[in-house]
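The values are calculated or read from the model by the stated rules, or taken from the named source; none is laboratory data. Only a predicted model underlies this, so the values are computations on that prediction, with no experimental measurement involved. Positions of Cβ are generated from backbone atoms using ideal geometry, with glycine treated the same way; all protein chains shown enter the neighbour counts. Accessible surface areas use protein heavy atoms only, side chains included; no ligands, DNA or RNA. Shrake-Rupley method; radii C 1.70, N 1.55, O 1.52, S 1.80 Å.
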Amino acid sequence: FKCISKINLANTFDEDASNDEIYKSLGQPIVQNFLEGYNGTILTFGQTSSGKTYTMVGNQKTAGVIEMAIDDILESSSNGNYVLRVGYIEVYKEKIFDLLDEKKPELKIYEQKGEAMTNQKQFEVDSKEDVMKYFHEGNQRKQMGASFVNENSSRSHTIFRISLDSTDNNDVKISSNLFLVDLAGSEKPDMSKNSFNEGLFINKSLLALGKIVRQLSEKNVDVKN
């Protein structure tokens with residue numbers, strides 16, 4: 001089993017950079033590591049309405065990072081012995097919910113072989129249509145609401161997980177996970193009770209994540225085990 005930790009900061013792009021440019025520069029190397037047996041994470045981070053969801057999900061005219069990653073994974077895995085599974089969770093007010101379960105149950109975190117895990121549902125997929133079906137199904141269940149600057153804003157952090165089990169040319173078994181994360185945006189909390197609490201939880205979690213990213217980037221982490 002392999003794991004990899006890398007920090008890439010997208011601060012070299014100008015405001016006109018396309019999703020394709022961003023993916024090829026920052027996302028594609030992580031996807032390639034994932035296919036080689038390393039765990040990886042791609043996430044967007046910033047204020048509400050800064051373009052995070054557009055970068056990750058895209059729209060009807062432009063593919064997002066998630067769709068481009070799925071294309072690369074399926075193309076690279078098409079000739080091999082592999083099993084792909086997907087899962088989808090959200091973190092809302094510091095609680096975890098399964099977006100691929102109709103009842104949307106709260107999930108618990110447990111540790112397995114040094115990794116933090118949840119008992120989320122995962123479904124085997126073998127085509128882009130299968131993957132996108134589960135992705136869109138989960139999106140219908142995630143927490144949405146209006147904010148000061150966005151009428152239809154994500155009120156939770158979502159993590160789309162792709163798990164790969166495969167065998168390489170030397171019959172070595174490979175298991176890895178790719179986490180595609182769309183974070184809720186930081187913002188000034190609305191003074192209405194529910195929105196205010198949502199904003200507090202969002203900003204608190206983003207502050208903690210920002211400190212972690214800053215610490216890791218300053219140390220230029222690139223560790224393989």
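Brief remarks follow.
- Scanning region 88-107 for residues that are more than 22 Å from Leu200 (Cα to Cα) and open to solvent by 90 Å² or more (accessible area, probe 1.4 Å) yields a total of 2.
- Matching option when the condition is modelled with pLDDT under 70 and surrounded by 13 or more Cβ atoms within 10 Å (Cβ to Cβ), among Ser175, Ser163, Ser153, Ser205: Ser153
- Residues of region 109-127 that turn out to be touching a strand residue (DSSP E or B) at 6+ places or on another chain (Cβ under 9 Å), surrounded by fewer than 10 Cβ atoms within 10 Å (Cβ to Cβ) and not acidic (Asp, Glu), as a count: 2
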